[in-house]
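Student: Handing you this structure, nothing more for now.
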Amino acid sequence: MLTPGWRALAVALSAALSPLPALAAPQLDLVVRLEPTQGSLSAHALIALPAHEAIDLRIDARHRVTSMQLDGGALRASTEGGLQRIRIAAAKRPRQLELRWAIRADAPDAGATHRDTLTAFAPQIGEAGSFLAAGGAWYPLPFDSAGPLLHRYRLTVDLPAAQRALAPGDRQFDTVRDGRRTVRFDMAQDSEGADLMAGPWVEAERSVRSIDGRTLTLTTLFHPDIADQAEGYLDAAASHLARIEQTLGAYPYSRFSIASSPTPTGFGMAGLTYLGIEVLRLPFIRHTSLPHEILHNWWGNGVYLALAGGNWSEGLTTFMADYALREANQGEEGARAMRLDWLRGLSALSPAAQGSLASFGGRTHDASQSIGYHKAALVFLMLHDTLGASAFDRALRDFWQAHRHRRAGWPDLRAAFEHASGRDLGRHFALWVDGSGLAAPTIAGAVAGPDGLTVTLQQPAPHYPLEVPLHVRIAGQVRIERVALPGAQARVSLPPAAGCAELALDPDFRLARRLAPGEAPPVLREATLDDTLGLTVLPGDERLATAARTLTAQWLDRTPTIVDAAEAPGRASRMVIGNFADIDGWLARHRLPARDRDGEVVAWALRAPAGGTLALVAARDANALTKATRTLPHYGQQGWVTLAGGRAATRGQWPAATVWTKTCVR
Ligand SMILES: [Zn+2]
């Protein structure tokens, strides 16, 4: 994801703004002295103001401004909404604003969760790491009436020699003298600002060549205990960069740095990514989060987000990094599983939680991630399927060339896709981006006759412009028809078939649609989150029954209704707990599929023939179940999980079975 901050700041302040004329990119010269052990930073800024320009500067009200002068004369600030604001009217000649201030900050909280890092913008300064997000207004941020202004800067950081510093921009020098280090970053393009990071890092470097022939420097800045991971990350960064350049064009900066954070952050800024130490230790991160953050150098930190109208960069980055890599590494089966995961999450959202892409600002909770990342990725997938790969890629290359280092929004993307494809995509964008919710196409009927098979598709309002993949299976052979469904209903005629034809609507989950009940294979949380859940603890094992009560008290939000073991599973959700022999016997008695996994504890979801979702928990004994009590509730998104010693040993989802509709010639 992108660095947090200024967007929230812009929203909080937009009501209080007085209009100012548009400004050329301001130029800031920032010089800071960082003292990590003391939790302090002192700073000096020179801001050049061109003639005839007014400016509104804002800095966090917690920072102590010690001097402030305009061309040597005194100046005043007002405090509003947690910010000190300095308003300077336009004048006929160029002016220079000079500011000194001091920041005191707490050390980063080692106990912070990833969720905390999504919403906290307060500066952190400490020996283990320092992080000052531009969006937290640690330096005077320039604004106009529309919001934060893009700006250029030069940032010189003076800090103890044992620490290193990082900020977006070209690193001009990094020198050590008399126990202090001085580093300079120049941001010569219009940018969203100077995020400043520092830490007791070990640096490793590698030079690679960009697609346009420039030398690019790849750097890792890692805490000593993960410094041995540098080579692996540099290898991965080099290969991801080369792959993205092939599709989109040259990387826009001269250096790409991967820095470690003591808190579990996952941020991408221009030319760098800032990831938690514990995150970086995970072996899959170099193939998941890393390529995602690298791609943000094009989407979000290369083309910046328009101030209003929604954050398109997370969906495009998810589609072109996370999804594309899943497809490349795990093939269509892995890609299909990812699409199903997205649709499952989206289908579970209540109508009230279905926000539009145009109102998605950034990830703050799970529902916003489902929409801003997953629904948006599906919208790009549908465009890709409709326009074809070559028009799709051409549109994105053009969009990149036209908007790099500027702000752009969904309407600019629409224009690029329309230009590349020659198609009017007005309805596509109006419904998918400005509207909320999901499509819900169905097969309304199929009539077989001697002349062929006539299939009717329909969808409720609003009528999304869909191209529905209709799978037709005749005598074991599957053919895919793409059926245009632009309105409420569409008919398609298929050639005659002897015997029976079977139909399935979008069984590979390529449309952003609401899943039909029972369409997705069951997961444990379908039962555990159900208000009407019943509970059966199989009788006969008293110690296990006690352990089961502790487990359900932890796992379930409410007290379930107790259901007798003899009662057959019906349409309601039900959790059944027992030892292996008792569970196996219960499954056989109710003619349900037998348990096919082993472990100390096995939990799995099963759809009963009548439609209810069963969450089955089978344990070797009461001890094993007690050990699993803390772990099991974390695996609600799984179809099955096996545990050993209280830890998950294996887990997974059941494959989705295609629902076929059968039509036969009479
Ligand atoms: Zn992202």
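Student: When residue 481 is evaluated against the numbered criteria (1) in contact (Cβ under 8 Å) with a residue 24 or more places away in the chain; (2) in a strand (DSSP E or B), which criterion, by number, is the only one it fails?
Tutor: (1)
Student: Of all the strands (runs of 3 or more DSSP E) wholly in region 96-212, which have at least 3 residues that are more than 27 Å from the chain's Cα centre (by Cα) and surrounded by fewer than 21 Cβ atoms within 10 Å (Cβ to Cβ)?
Tutor: 151-160, 170-177, 180-191, 202-209
Student: Looking for whichever is among the small types (Gly, Ala, Ser) and modelled with pLDDT of 95 or more here; the options are 331, 309. Which one fits?
Tutor: Residue meeting the stated conditions: 331.
Student: Here is a further query. Is it the case that some residue within region 168-180 is among the charged types (D, E, K, R), farther than 21 Å from residue 38 by Cβ and without any contact (Cβ under 8 Å) to a residue 60 or more places away in the chain?
Tutor: Yes: one or more hits.
Student: Between a first residue in region 309-330 that is within 15 Å of residue 1 (Cβ to Cβ) and more than 10 Å from the ligand (Cβ to nearest atom) and a second residue that is at pLDDT below 95 and outside any helix (DSSP H, G or I), which pairs have beta carbons less than 6 Å apart while being 6 or more apart in sequence or on different chains?
Tutor: 310/360
Student: Just for region 171-202: of the residues that are of a type in the set (Asp, Glu) and touching a strand residue (DSSP E or B) at 6+ places or on another chain (Cβ under 7 Å), which one is farthest from residue 307 (Cα to Cα)?
Tutor: 174
Student: Condition first: part of a helix (DSSP H, G or I) and in contact with a Pro (Cβ under 8 Å, 6 or more places away or on another chain). Can you find one or more residues in region 411-427 that meet it?
Tutor: Within region 411-427, one or more residues are part of a helix (DSSP H, G or I) and in contact with a Pro (Cβ under 8 Å, 6 or more places away or on another chain).
Student: Among what's in region 404-437 and is among the hydrophobic types (A, V, I, L, M, F, W, C) and in contact with a Leu (Cβ under 6 Å, 6 or more places away or on another chain), pick the residue that is nearest to residue 379 (Cα to Cα).
Tutor: Among residues in region 404-437 that are among the hydrophobic types (A, V, I, L, M, F, W, C) and in contact with a Leu (Cβ under 6 Å, 6 or more places away or on another chain), the one nearest to residue 379 (Cα to Cα) is 433.
Student: Hey, another quick one. Which of the strands (runs of 3 or more DSSP E) contained wholly in region 1-84 include at least 2 residues that are modelled with pLDDT of 70 or more, buried (at least 16 other Cβ atoms within 10 Å of the Cβ) and more than 16 Å from the ligand (Cβ to nearest atom)?
Tutor: 27-35, 40-49, 55-60, 64-70
Student: Report the residue count in region 474-496 for those that are crowded, with 16+ Cβ neighbours inside 10 Å and either at pLDDT 90 or above or in contact with a Ser or Thr (Cβ under 9 Å, 6 or more places away or on another chain) (or both).
Tutor: Number satisfying all stated conditions: 5.
Student: Just the residues that are of a type in the set (A, V, I, L, M) and either touching a Leu at 6+ places or on another chain (Cβ under 6 Å) or touching a residue at least 60 places away in the same chain (Cβ under 8 Å) (or both), please, taken from region 181-198.
Tutor: 187, 194, 196, 197, 198
Student: Restricting to region 353-410, name every residue that is under 26 Å from residue 468 (Cα atoms), modelled with pLDDT of 95 or more and not in a helix (DSSP H, G or I).
Tutor: 388
Student: Residues in region 280-300: is at least one within 11 Å of the ligand (Cβ to nearest atom), in contact (Cβ under 8 Å) with a residue 12 or more places away in the chain, surrounded by fewer than 23 Cβ atoms within 10 Å (Cβ to Cβ) and in a strand (DSSP E or B)?
Tutor: The answer is no, given that none of the residues of region 280-300 is within 11 Å of the ligand (Cβ to nearest atom), in contact (Cβ under 8 Å) with a residue 12 or more places away in the chain, surrounded by fewer than 23 Cβ atoms within 10 Å (Cβ to Cβ) and in a strand (DSSP E or B).
The values are calculated or read from the model by the stated rules, or taken from the named source; none is laboratory data. What you see is a predicted model; the values in this text were computed from it and never measured. Using ideal geometry, Cβ is built from the backbone for each residue, glycine included, and neighbour counts are taken over all protein chains shown.
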